[in-house]
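Quick notes on the structure that follows.
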Amino acid sequence: KEAAMGERCIFHSDLNGFCASVEMMLDPKLAGKAVAVCGSTEDRHGIVLAKSELAKKAGVKTGMVNHEAKQRCPELILVQPHYEEYLKYSELARDIYGRYTDQIEPFGMDECWLDVTGSLSLFGNGKSIADEIRETMKRELGLSVSIGVSFNKIFANNSSSMVVMYVDCCNCSYQNQQ
């Protein structure tokens with residue numbers, strides 16, 4: 001179905017735990033463990049740049065000094081960043097978004113806003129498109145993505161950060177269970 005006249009269908013897409021997820025994908029031994037991507041402790045006071053969900057649950061926070069993160073989570077595995085890999089996967093994710101719209105506004109390596117209003121007649125409602133993108137991202141890249149769906153960027157952004165979200169726009173009532 002197409003959006004009602006004048007109604008836009010905007011997505012906020014956020015690759016979950018992006019850098020840590022890429023590291024765990026590149027090194028399968030890290031899967032299911034508390035992982036933090038960190039700056040070098042030897043060269044300077046390293047800080048946590050990104051963390052896995054298990055590290056987050058243990059109290060590790062982005063920007064935390066490495067030794068404090070290890071105190072909060074003694075089993076935490078610290079890994080050096082691989083920016084070239086993050087850039088590669090960021091581009092691959094944008095290629096997937098490009099299958100559904102050419103209106104992509106990147107925000108960092110792991111977030112984008114997508115205007116899929118013009119794609120509704122081709123791919124279905126906002127929920128269908130968001131679900132298909134999430135499934136494709138997981139299947140092709142091994143990454144999970146949260147997608148907020150709304151009529152503007154602000155509400156789409158707010159809804160992408162909710163674990164369970166209810167969005168009523170773009171001719172869809174969307175419940176995202178992650």
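The values are calculated or read from the model by the stated rules, or taken from the named source; none is laboratory data. The shown structure was predicted, so the numbers you read here are calculated from the model rather than taken from an experiment. Here the Cβ positions follow ideal geometry from the backbone for every residue, glycine too, while neighbour counts run over all protein chains shown. Note: accessible area is taken over every heavy atom of the protein model, side chains too, but ligands, DNA and RNA are not part of it. Shrake-Rupley method; radii C 1.70, N 1.55, O 1.52, S 1.80 Å.
Go through the residues of the range 67-81 one by one and say whether even a single one is open to solvent by 10 Å² or more (accessible area, probe 1.4 Å), acidic (Asp, Glu), in contact with a Lys or Arg (Cβ under 8 Å, 6 or more places away or on another chain) and modelled with pLDDT of 95 or more. Explain how you work it out, then say what you get.
First, pick out the residues of the range 67-81 that are open to solvent by 10 Å² or more (accessible area, probe 1.4 Å): 67-68, 70-72, 74-75, 77-81.
Pick out the ones that are also acidic (Asp, Glu) and you get 68, 75.
Restricting the remaining residues to those that are in contact with a Lys or Arg (Cβ under 8 Å, 6 or more places away or on another chain) gives 75.
Next, from what is left, pick out any that are modelled with pLDDT of 95 or more: 75.
Yes, because at least one residue in the range 67-81 is open to solvent by 10 Å² or more (accessible area, probe 1.4 Å), acidic (Asp, Glu), in contact with a Lys or Arg (Cβ under 8 Å, 6 or more places away or on another chain) and modelled with pLDDT of 95 or more.
Quick check on my filter: what residues within the range 103-144 are part of a loop (DSSP other than H, G, I, E, B), in contact (Cβ under 8 Å) with a residue 24 or more places away in the chain and either closer than 21 Å to residue 23 by Cα or open to solvent by 30 Å² or more (accessible area, probe 1.4 Å) (or both)?
Of the residues in the range 103-144, the ones part of a loop (DSSP other than H, G, I, E, B) are 103, 108-110, 116, 124-125, 142-144.
Narrowing further to those that are in contact (Cβ under 8 Å) with a residue 24 or more places away in the chain: 109-110, 116, 124-125, 142-144.
If the condition is that a residue be part of a loop (DSSP other than H, G, I, E, B), in contact (Cβ under 8 Å) with a residue 24 or more places away in the chain and either closer than 21 Å to residue 23 by Cα or open to solvent by 30 Å² or more (accessible area, probe 1.4 Å) (or both), then 109, 110, 125, 142, 143, 144 are the ones that fit.
What single numbered condition from (1) part of a loop (DSSP other than H, G, I, E, B); (2) of a type outside the set (A, V, I, L, M); (3) more than 27 Å from residue 9 (Cα to Cα); (4) touching a helix residue (DSSP H, G or I) at 6+ places or on another chain (Cβ under 8 Å) fails to hold for residue 74?
Result: residue 74 fails condition (4) only.
Assuming residue 148 fulfils every condition listed in (1) assigned to a helix (DSSP H, G or I); (2) among the small types (Gly, Ala, Ser); (3) within 22 Å of residue 90 (Cα to Cα) apart from one, which condition is it?
(1) is the only condition that residue 148 fails.
I'd like the residue in the range 81-102 that is of a type in the set (D, E, K, R) and not in a loop (DSSP other than H, G, I, E, B) and, out of all such residues, is nearest to residue 147 (Cα to Cα).
Only one residue fits best here, namely 94.
Give me a count of the residues in the range 22-66 that are hydroxyl-bearing (Ser, Thr, Tyr) and open to solvent by 30 Å² or more (accessible area, probe 1.4 Å).
Keep residues of the range 22-66 that are hydroxyl-bearing (Ser, Thr, Tyr), which gives 40-41, 52, 62.
Still in the list and also open to solvent by 30 Å² or more (accessible area, probe 1.4 Å): 41, 62.
Residues that pass the stated criteria total 2.
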